[in-house]
1. Just want to confirm a number: the relative contact order over the chain, from Cα pairs under 8 angstrom separated by 6+ residues, in percent.
2. Who wins for biggest fluctuation among 271, 207, 107 in a Gaussian network model of the chain, springs between alpha carbons below 10 Å?
3. P(r) of region 2-163 in 5 Å steps, Cα pairs, percent per bin?
4. Can you give me the convex hull volume of the Cα atoms of region 40-106, divided per residue and expressed in Å³?
5. Quick one: putting +1 on the C-beta of Lys and Arg, -1 on the C-beta of Asp and Glu, what dipole do you get for region 222-314 around its Cα centre, in Debye to the nearest 20?
6. Starting from the Cα-Cα distance between residue 301 and residue 13, subtract it from 0.36 nm times their residue separation and give me the gain in nm to one decimal.
7. Could you tell me what fraction of 2.2 N^0.38 Å the Cα radius of gyration of region 192-308 comes to, as a two-decimal ratio?
8. I need the GluC sites (Glu not before Pro) found in region 198-259, filtered to DSSP loop residues with at most 14 other beta carbons within 10 Å of theirs.
Amino acid sequence: MVREGGRELTEEELKPFEGRPAATAAEGKDPVNEPMIRHWCEAMGDTNPAYAGPDAIAPPTMLQAWTMGGLSGFEGRSPAHDELFALLDGAGYTSVVATDCEQEYLRPLRPGDAITYDSLIESVSPLKTTKLGSGHFVTTRMDVRVGGELVGTHRFRILKYTPAARESAGAAKAGGAVKKLRPRPVVNRDNAGFWEGVGDHRLLIQRCRTCETLRFPWLPGCNACGGQEWDTVEASGAGTVFSYVVMHHPPFPAFDPPYAVALVELAEGVRIVSNVVGVPYDKVRIGMPVRLEFLAVDEELELPVFRAVEAGEV
Ligand code: ZN
């Protein structure tokens with residue numbers, strides 16, 4: 001059967017890939033090491049003391065980092081992975097997006113641990129239709145070892161797909177021209193409370209129940225103490241522009257450059273990326289006082305934005 005954009009693949013073509021190795025006895029390019037751990041922690045803003053000092057362990061979620069081949073690839077790659085991708089590409093599923101990742105940790109990794117890993121194609125889904133387009137989910141499982149001992153498992157899922165026609169989603173007719181809508185936020189169990197707050201015109205900041213550290217954007221756990229219990233405080237709405245950039249290029253649908261994107265420091269001390277309204281893009285300044293308001297971007301989407309406050313209006 002011929003579909004728009006691609007040929008439908010049969011179970012007989014896809015199933016034989018399941019269980020085939022994607023990489024065999026591959027070696028991590030570097031042993032677990034302190035500089036990579038430090039860079040990771042700085043990029044993540046993770047100051048957990050477990051990741052520094054003479055008894056440091058690696059952050060568990062770095063598991064994948066130790067197996068990445070970088071731009072030059074890695075030794076031990078098996079042909080099945082390339083054959084599967086060639087089949088999917090040839091059938092028209094040329095786009096790829098990573099959808100989710102699951103990791104299991106069996107013991108902490110420490111500087112000096114030399115990593116080896118095996119990876120296999122665990123499953124290839126039947127044709128699925130998603131908002132992005134139709135395609136096949138490919139799940140690979142990587143077993144990570146140190147000296148032959150299994151230390152963790154990394155399961156990674158991607159969607160190989162044919163993009164849906166652009167006009168079918170995220171677009172609305174406006175005066176004969178197609179007006180693109182702003183991208184929708186991705187609402188998940190970690191941030192649903194934030195978007196519920198926005199629906200009620202409240203900007204909610206997470207607060208750790210253990211150490212009372214405020215955090216934003218929303219996260220499952222506290223970076224200060226590791227606590228997982230949290231409640232919220234409502235932002236007063238007062239803030240100042242901590243930093244900003246002016247976007248000129250590249251243009252994105254639904255946005256009209258140039259426009260200012262600001263990092264606003266709330267009175268409570270946490271920062272949020274948003275837009276400053278009520279002032280031309282070239283009048284936004286660091287330290288400018290702003291006040292929260294909610295902007296109805298379209299019929300379905302409201303966003304917290306910040307209006308420049310005139311001197312004496314605070
Ligand atoms: Zn805490």
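The values are calculated or read from the model by the stated rules, or taken from the named source; none is laboratory data. Predicted, not measured: the structure shown is a model, and the values here were computed from it. When we count neighbours, we look across all protein chains shown, and the Cβ atoms used for this are built from the backbone with ideal geometry, even at glycine. For the accessible areas, the whole protein counts, side chains as well, though only heavy atoms, and no ligand, DNA or RNA atoms are used. Shrake-Rupley method; radii C 1.70, N 1.55, O 1.52, S 1.80 Å.
1. The normalised contact order for the chain reaches 13 percent.
2. 107
3. 2, 8, 16, 18, 17, 13, 10, 8, 5, 2, 1, 0, 0
4. Spelled out: Cα convex hull of region 40-106, divided by residues, is 167 Å³.
5. The dipole of region 222-314 has a size of about 520 debye.
6. That works out to 99.5 nm of additional length.
7. 1.13
8. In loop regions of region 198-259 (DSSP not H, G, I, E or B), the sparsely surrounded GluC sites (Glu not before Pro) are 212, 229.
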